[in-house]
Structures are given as C-alpha cells and as structure tokens.
Amino acid sequence: MTPAAPAQVAYLVNVYPAPSHSFIRREIAAVEALDVRVHRFSLRRGTAPLVDAADRAEAGRTQVLLASPLAAGPGLLAGVLRQFLARPRRAAAALGLALRLAASGDRRFIAHLGHFALACALLPCLRRTGAPHLHVHFGSNAADVALLCRRLGGPPYSLTVHGPEEWTARVNLREKIAGAAFVVGISGFTLGKLREAAAPPDQGKLHLLRCGLDAGLIDVADAGPPPDVARFMCVGRLCERKAQGLLVDAVAQLAVRGIAVELVLAGDGERRGAIEALLRRLGLASQVRLAGWLSEAQVRHEILASRALVLASLDEGLPVVLTEAMALGRPVIATRVGGTAELVHDGINGWLVTPGSALALAEAMAECLATPVSRLQAMGIQGRAQVASRHVAAVQAGRLAALFGRASDERTNVQWLDITQIDLSVD
C-alpha cells in the first residue's frame, strides 16, 4: 500500500523563484494539485528580472531567509543565540558539523558558518508551518542548510540533484545523501552519479524522477511543421558551461560557407559581455539576437518560430528546455553530455554532437537546414512522444508525493533519523 502524501511539505531552494527554475514552479504546482500544501523558502533573492507573471506570483508566496544580506546580520546572529540558549548541545553539534563540512569540502569556513546561521533561522520558520518534511532542490548551499537544520532538530529532508556542479564541486554530496530521507536524480545519468557518491547503506534512498511539463503543453494541438526558415533558438543562462560562444563560432563557420542563419539566444548571465564582444569582432550582430530573459510564453513563441532548438552545453544533468522544445514538436541539436542522450536520439528526434566543437555544431545546423520540413516534422512528432511518455509533471509529482508519504510514515513509526550517528569523516 502506497503511503498517503502528507498534508503539507516545505520546499527550500538557493534562489527561488528564478527565470531558469520554472521546472521547480511546475513541480510545486503539480504537488499542490494533489492537495498537498507547499511552503516555499529561498535562501536569497535572485538578481535576474522575473519576466514571467507566474514567477512574480511565486515571489509573493516565498519567504526569503536572506532578503537583505547587509541588514540580515543582526537577525541571523539573534537566531543563532536563541538556538544556543534553547538547545545548546544540538546547536554545538550543528556548528561542529558545519565546520567539518567546510574542512572536508571547499574549506570556505565563513560560508559554512553562514549556512549554520541560516539553518538557525529556518528552523523556527519550519516549526511555524507545521510541515513534517522539507524538500530541497540542488545539492549545494540549500542542502547544507537543510542538513544543518536537521541536526538542530528540524524535520527530515529530501533532495533533488540536477547538474554537474553538484557532484564535481566539493559539496559533500555523500554526507548530504546520508542525512536525507531520500534523494532524487533527474536522469539516469544523474542517478548514476548519485550512486557513485552514496555510501553502500544509502543506495536504497536513491530514486529517478524526471522534471515534468504541464499536460497543457504536452497535449497542445499539433503546432504543425517547423517553419522553413534558417533560424535556430537557444535557451539558457549565458555562462561558460552553456557555451553559447561556440554557437556564435558555428554561425560564423556557416557564414564562411555562404550559409546565413539567424540565432536567438534567450537568457542572460555573466558571459553576456564576452558574447557581445565576440559578435562585434565576427560581424554577426545582425544574425545573432541576445533576447535576455523571456517569459515561458515568449520562449514557446520563439521555439515555434524556429527550425530547431540548439544547445552547446559542455556539461549537463538533463536540460529542461530540450523537453519543452520536443513537446512543441521541434527537433533539437544538443551535445552528447550528461543525460542528454536519454532524451535526444540522433537522427530520430534530433542531432547529438561532440561537446566543445563549433565545427560539429555547424555541421548539425547545416544538416538541419538541408533536411526537408516534412522530415523535421516527423522528428518533432517522435520527440513529442518521447516527452509525453516520461515527462508529465502530474505523473512525476505523484511519485514524489508518494516518497514524501513514505518519509512521513518512517518519521512516525521509527522516529526521526538520528544524524548525530552519521560518519562525516573523509575517505
């Protein structure tokens, strides 16, 4: 018998809402559709503008622990003092854990002391909600805070792990898995990374749950064939890992061959200035448009107006935008990294290329341009079927809610896990 989902849960994210975290918003909405109340917490405010009305609405529902870093110091210090006065042994144990995490991880002791202070601030907030479980997205800072809050006496937590920075950086993932009730990977590739990180006793905590799309997107009427235009769309934060500069180089290589294409880059980030400089140097400012952050409706409009979606990522877990493009019936061009090959089947619903190669991207884009629109439409239909079979938000949320229910049952029947017994020594 599947345990019933709890009446309420809490969510914690490093930055929420954010333009690049629409998949979390969709997950929360799908969980709430199951009559589970979700209390939203974010460590800090994001700096990117919230162009989507749904994100702005989420901002009003989210409590930010570090709303104003300069003004938050006295409040955080007061929270730490309250914890030491109320439960000195637990507070000392949590502080010691924070210092050990810093020593065995990135050695940023100040940052880990900050995580301890945020855990002290989060604990009374969670108690006021009455939520018996805390779910965390991303295995970095927010997971540190959840682990420390658990040590302070907070509720059991679970964790969704997404991308390479969560297992390539020294984020103490093994310890966070050990302290969690369960841990979710968003792709088979991510689940494999979790299995590599987890200690043998914790292997049974690991589960595969894919990021879901709204049924309204997957069930939308057939958008028809891709337009017969030399136009490509890319969505993602402008950063080194997403490698949009390689796409610009690919456009330049196509131009040398006499193939003029248009490329739309949706998103923003620290590499924007470098990409703008590259466009000026290559004389491609008229062919490559930096659109900035767009709303979900605008992203879908741009995808539908393009021949294909193209990503040049150097590393990934599984890019959610690929599922969105495939749900809209568009073929995709993506690099063979992370879990991408679980979604993109070369020659069937898109093209998979070698990461780090502008030439490989240019070759795939040229092949896409040479492919008849009727064939592109057939590829889009294949991709849409792939997404509909694996990435429905309501289905994934139902599985997640069942895991919440199991964690709540274990809390009731076995008492909360005593994480003071977890071995945090370094192998």
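The values are calculated or read from the model by the stated rules, or taken from the named source; none is laboratory data. The shown structure was predicted, so the numbers you read here are calculated from the model rather than taken from an experiment. Please note: Cβ atoms are built from the backbone with ideal geometry, for glycine as well, and neighbour counts cover all protein chains shown. Note: accessible area is taken over every heavy atom of the protein model, side chains too, but ligands, DNA and RNA are not part of it. Shrake-Rupley method; radii C 1.70, N 1.55, O 1.52, S 1.80 Å.
Considering only residues of segment 158-197 that are open to solvent by 10 Å² or more (accessible area, probe 1.4 Å) and small (G, A, S), which is nearest to A111 (Cα to Cα)?
Out of the qualifying residues, it is A169.
Taking segment 91-122 on its own, how many of its residues are touching a His at 6+ places or on another chain (Cβ under 7 Å) and either basic (K, R) or under 13 Å from C149 (Cα atoms) (or both)?
Summing the residues that are touching a His at 6+ places or on another chain (Cβ under 7 Å) and either basic (K, R) or under 13 Å from C149 (Cα atoms) (or both) in segment 91-122 gives 1.
Could we say that T160 is within 23 Å of E27 (Cα to Cα) and of a type in the set (S, T, Y) here?
Yes, satisfied.
Within segment 136-150, identify whether any single residue is open to solvent by 10 Å² or more (accessible area, probe 1.4 Å), closer than 27 Å to V36 by Cα and β-branched (V, I, T), and answer yes or no.
The answer is no, given that none of the residues of segment 136-150 is open to solvent by 10 Å² or more (accessible area, probe 1.4 Å), closer than 27 Å to V36 by Cα and β-branched (V, I, T).
I'm told S295 meets every condition in (1) small (G, A, S); (2) surrounded by fewer than 18 Cβ atoms within 10 Å (Cβ to Cβ); (3) within 23 Å of E165 (Cβ to Cβ) except one. Can you identify the failing condition by its number?
Exception for S295: condition (3).
Among A341, A334, A308, which is small (G, A, S), surrounded by fewer than 20 Cβ atoms within 10 Å (Cβ to Cβ) and either closer than 30 Å to G192 by Cα or out of contact with any strand residue (DSSP E or B) (no Cβ under 8 Å at 6 or more places or on another chain) (or both)?
From the options A341, A334, A308, the qualifying one is A341.
So which of S374, S389, S357 ends up being in contact (Cβ under 8 Å) with a residue 60 or more places away in the chain, polar (S, T, N, Q) and out of contact with any helix residue (DSSP H, G or I) (no Cβ under 8 Å at 6 or more places or on another chain)?
Among S374, S389, S357, only S374 is in contact (Cβ under 8 Å) with a residue 60 or more places away in the chain, polar (S, T, N, Q) and out of contact with any helix residue (DSSP H, G or I) (no Cβ under 8 Å at 6 or more places or on another chain).
Can you tell me which residue within segment 30-44, out of those that are over 16 Å from L134 (Cα atoms) and outside any strand (DSSP E or B), is most open to solvent (accessible area, probe 1.4 Å)?
If we take residues in segment 30-44 being over 16 Å from L134 (Cα atoms) and outside any strand (DSSP E or B), then D35 is most open to solvent (accessible area, probe 1.4 Å).
Given the options F84, F41, name the one that is of a type outside the set (D, E) and farther than 30 Å from T323 by Cα.
That would be F84, the only listed residue that is of a type outside the set (D, E) and farther than 30 Å from T323 by Cα.
Please report, ordered by residue number, the strands (runs of 3 or more DSSP E) entirely within segment 136-247 with at least 3 residues that are under 20 Å from L43 (Cα atoms) and either in contact with a strand residue (DSSP E or B) (Cβ under 8 Å, 6 or more places away or on another chain) or free of Cβ contacts under 8 Å to residues at least 40 places away in the same chain (or both).
Ranges flagged: 157-161.
Counting only residues that are open to solvent by 30 Å² or more (accessible area, probe 1.4 Å) and modelled with pLDDT of 95 or more, which one in segment 15-29 is farthest from D268 (Cα to Cα)?
A29
Filter segment 45-63 down to the residues that are of a type in the set (A, V, I, L, M) and either open to solvent by 70 Å² or more (accessible area, probe 1.4 Å) or in a helix (DSSP H, G or I) (or both) and list them by number.
Within segment 45-63, A53, A54, A57, A59 meet the criteria.
Please verify whether segment 273-286 includes one or more residues that are open to solvent by 40 Å² or more (accessible area, probe 1.4 Å), closer than 24 Å to V229 by Cα and in contact (Cβ under 8 Å) with a residue 24 or more places away in the chain.
Yes, the conditions are met somewhere in segment 273-286.
In segment 114-135, which residues are assigned to a strand (DSSP E or B) and either open to solvent by 10 Å² or more (accessible area, probe 1.4 Å) or not aliphatic (A, V, I, L, M) (or both)?
Across segment 114-135, the qualifying residue is only H135.
For segment 257-265, indicate whether the set of residues that are of a type outside the set (K, R), buried (at least 18 other Cβ atoms within 10 Å of the Cβ) and assigned to a loop (DSSP other than H, G, I, E, B) is non-empty.
Yes, segment 257-265 contains at least one residue that is of a type outside the set (K, R), buried (at least 18 other Cβ atoms within 10 Å of the Cβ) and assigned to a loop (DSSP other than H, G, I, E, B).
Going through segment 60-76 one residue at a time, which ones are in contact (Cβ under 8 Å) with a residue 24 or more places away in the chain and within 20 Å of A131 (Cα to Cα)?
Hits for segment 60-76 are T62, Q63, L65.
Could you say whether any residue in segment 64-78 is more than 23 Å from C211 (Cβ to Cβ) and buried (at least 21 other Cβ atoms within 10 Å of the Cβ)?
yes
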